[in-house]
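Worksheet: one structure, shown below.
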Amino acid sequence: MDTTTSPVTCPLYHGTRAVSARAILREGFRRSRSRNHTGTGICLSESISVAYEYGMYETGGCVLEARLSPTARWTDRFDAEGNSKDAWDDFFIRSGLDALRAFDGNVWVIWNPGVLVSLRRLGHREAIQRLCNEFDEDGPECAYNALVSDYADIWWKRETSNECFTRFPDYRQQLMARLQRFAGRAHSTKV
């Protein structure tokens with residue numbers, strides 16, 4: 001499906017270190033000088049859980065929220081020529097597009113930072129609340145990574161199957177207390 005003219009209404013999230021977030025909020029996003037697996041583009045996600053993995057507040061990170069300008073030209077068709085780190089950058093140069101939605105929205109690669117508008121930092125409370133909402137939308141069978149997986153295990157009352165909680169009961173208590181404080185409860189009402 002060609003989506004180059006469809007406006008994106010959902011927020012996009014970017015997880016990063018708090019120090020980096022301050023620079024981004026002050027100066028805006030910039031493409032990377034070095035290439036990674038998606039070239040030099042800026043990576044964001046429709047999923048707050050993906051961003052939270054990279055911007056865990058518990059370890060000095062945070063999540064930024066941005067919106068794509070309604071005039072942004074984007075697609076969800078990646079027709080790469082080759083499988084190198086240059087493939088993503090080459091695609092953007094060839095296509096003239098601003099952004100690419102990949103992996104069903106788990107990754108948005110933004111080539112033109114100017115199309116990211118209304119940039120703001122989410123507070124920890126808001127990020128946890130949105131994370132819990134995403135857990136409820138995804139359901140208990142969805143798998144996550146890192147600390148997000150630990151929060152999901154508590155949310156779905158699967159603490160006994162998490163070996164980390166068995167070894168570190170204080171860690172479990174800390175996460176439960178955070179859920180209680182920020183989300184108003186430690187478990188989903190759907191359990």
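The values are calculated or read from the model by the stated rules, or taken from the named source; none is laboratory data. As the structure is a prediction and not an experimental result, all values here were calculated from the model. Because the Cβ atoms are built from the backbone with ideal geometry, glycine has one as well, and the counts that use them run over all protein chains shown.
Quick rundown of the values:
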read-out	value
Meets criteria (touching a Phe, Trp or Tyr at 6+ places or on another chain (Cβ under 8 Å), at pLDDT 95 or above and of a type in the set (K, R)) for R125	yes
Of all residues making up segment 119-137, the number that are more than 21 Å from G61 (Cβ to Cβ) and touching a residue at least 12 places away in the same chain (Cβ under 8 Å)	1
Residue within segment 65-85 that is in contact with a helix residue (DSSP H, G or I) (Cβ under 9 Å, 6 or more places away or on another chain) and among the basic types (K, R) present	yes
Within segment 4-116, strands (runs of 3 or more DSSP E) holding 2 or more residues that are of a type in the set (S, T, Y)	12-17
From the options S47, S20, S6, residue that is of a type in the set (S, T, N, Q) and not assigned by TED's automatic domain parsing to the domain that holds G96	S6
Yes/no for R73 being of a type in the set (K, R), crowded, with 18+ Cβ neighbours inside 10 Å and either at pLDDT below 95 or over 30 Å from R172 (Cα atoms) (or both)	no
Those residues of segment 117-157 which are assigned to a strand (DSSP E or B) and either more than 30 Å from R26 (Cα to Cα) or of a type in the set (D, E, K, R) (or both), in sequence order	R120, R121
Top-ranked residue in segment 114-123 [being surrounded by fewer than 17 Cβ atoms within 10 Å (Cβ to Cβ) and more than 15 Å from the chain's Cα centre (by Cα); ranked as farthest from F92 (Cα to Cα)]	S118
Near pairs, Cβ below 7 angstrom, 6+ apart or cross-chain, from segment 27-49 (closer than 14 Å to L12 by Cα) to any residue that is outside any strand (DSSP E or B) and of a type in the set (K, R)	I42/R31; I48/R130
